[in-house]
Amino acid sequence: MNDGDAIVLFSGGQDSTTCLAWALDRFERVETVGFDYRQRHHVELDVRPVVLEAIREQFPHWAGRLADDHLIDLAVLGQVSETSLTRDVEIEMQENGLPNTFVPGRNLLFMTFAAAIAYRRGAKHIVTGVCETDFSGYPDCRDDTMKALQLTLNLGMDTRFVVHTPLMWIDKADTWHLAHQLGGDALVDLVREETHTCYQGDRSLHDWGRGCGKCPACELRAHGYQRFIAKSATCADIGHD
């Protein structure tokens, strides 16, 4: 197992793109994996290669570290999921207190397949963009879940994976800030102009990025960007004093 190799769960969205940059800044060789589970916002799968190519072109110091990309067909997940991300139904809260955008078992499956690839490729590190701060209540995004998965995967595959969650304790404004720390304005612009988070699959361009501007994912991203811009302006003003 190579301590310098990592597998990044990469959807083509803001969080996973930021995590990819985080991994490229730390590890010698980084592979990516995405999942086609017949998601409603299927356009994110079209965005993935565009973002990867842009990273290679715009960040030459990372290009040599960015290796193979894997796309896994998980159609079965869509077949067993009655959610607003796998069916054309209105996004709403459920009686159990979770939004119907929650796809039961999704991150558990994602992490298992990512670990299987890591095992085959000899990579020690697995990086995912789950977060407890802006996680919409999804139980499979919690820190406890990730720690339990790391233990389970290591026991089940008799190895020593390390699961990294760079966004676990930060909000969307801080995620924008992290992207800026890692890649400056160029990475922030790439996230804005190319990545996809919108549940509706809308690619309309706003100052905060592409999306419908109304779904929970867009609202979270937009509010985070506004706080990031406001904080950046405040810091700039202080720096000029």
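What follows draws every value from the coordinates through simple rules; no lab data is involved. Keep in mind that this is a model prediction, so the values were computed, not measured. When we count neighbours, we look across all protein chains shown, and the Cβ atoms used for this are built from the backbone with ideal geometry, even at glycine.
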Whole-Hz ³J(HN,Hα) from phi, Karplus 6.51 cos²θ - 1.76 cosθ + 1.60, for segment 178-192, glycine and proline x = 4, 4, 5, 4, 7, x, x, 4, 4, 6, 4, 5, 5, 4, 5
Cross-link reach list, lysines versus Lys231, counting only Cα pairs under 23 Å and skipping chain neighbours closer than eight places | Lys172
For segment 154-209, divide the Cα radius of gyration by the Kirkwood radius and give the resulting Rg/Rh value with two decimals.
-> 1.15
Could you state the number of Å between the C-alpha centres of segment 3-40 and segment 178-220?
-> 17 Å
When the charge dipole of segment 98-228 is computed with +1 on Lys and Arg Cβ and -1 on Asp and Glu Cβ about the Cα centre, the Cα farthest towards its positive end, among Pro139, Tyr119, Leu151, belongs to Tyr119
